[in-house]
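Nothing in this text is a laboratory measurement; each read-out follows from the coordinates by a stated rule. As the structure is a computational prediction, the values presented were derived from the model and not from experiment. Neighbour counts are summed over all protein chains in view; Cβ atoms, including those assigned to glycine, are modelled from backbone coordinates with ideal geometry.
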Amino acid sequence: MTVKAASSETPIGTLSGGNQQKVVIGRWVYAASQILLLDEPTRGVDIEAKQQIYRIVRELAAEGKSVVFISSEVEELPLVCDRILLLQHGTFSQEFHAPVNVDELMSAILSVH
């Protein structure tokens, strides 16, 4: 992942939201965690950063790591998820397995609410 900063000494808090997200994900990858919980990892990032995050998530899964990817952007879920669980009032209401059709997923979400 590429982080855009004036220098390597730039404080993380002064980076853009997208670059801050990439730093956080990079830290977890570097820590060699076996389980990653990513809550809205693509929120506030540009399209290029999203693509980088998707690629990294797929690579981590291919390496056997467990990745929980939480997102309110329904369209991105089939791009990175092998399994999608739909929550309703704190309990799992539906489960989808790849490949998932976005229209089918959206229909299920709308019927829950």
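Please report Ile70, Ile25 as a ranked list, fewest other C-beta atoms within 10 angstrom at the top and most at the bottom.
Numbers: Ile70 11, Ile25 21.
If I rank by nearby Cβ atoms, fewest first, I get Ile70, Ile25.
For the chain, give the magnitude of the charge dipole about the Cα centre (Cβ charges: +1 Lys/Arg, -1 Asp/Glu; no others), in debye to the nearest 20. Don't skip to the end; give the middle numbers.
Values: 9 positive and 14 negative charges, 76 e Å.
In debye, rounded to 20, the chain gives about 360.
Mind running the shape call on the stretch 64-113? Use the C-alpha gyration tensor, a ≥ b ≥ c as the square roots of the eigenvalues: rounded below 1.5 for a/c, prolate if a/b tops b/c, oblate otherwise.
Verdict is oblate for the stretch 64-113.
Between Ala62 and Ile47, with labels modelled 7 Å along Cα→Cβ, what's the label distance in nm to one decimal, could you check?
About 2.3 nm, to one decimal.
In what sequence do Leu60, Leu85 fall when counting other Cβ within 10 Å, fewest first? Write out the running numbers ahead of the final one.
Numbers: Leu60 20, Leu85 11.
Least to most surrounded, the residues fall as Leu85, Leu60.
Please report, largest first and rounded to whole Å, the three semi-axes of the ellipsoid equivalent to the chain, where each semi-axis is the square root of five times an eigenvalue of the C-alpha gyration tensor. Write out the running numbers ahead of the final one.
On the way: eigenvalues 163, 48, 31 Å².
Semi-axes from the Cα gyration tensor: 29, 15, 12 Å.
Alpha carbon centre of the stretch 82-113 versus the stretch 20-45: separation in Å?
One Cα centre to the other: 23 Å.
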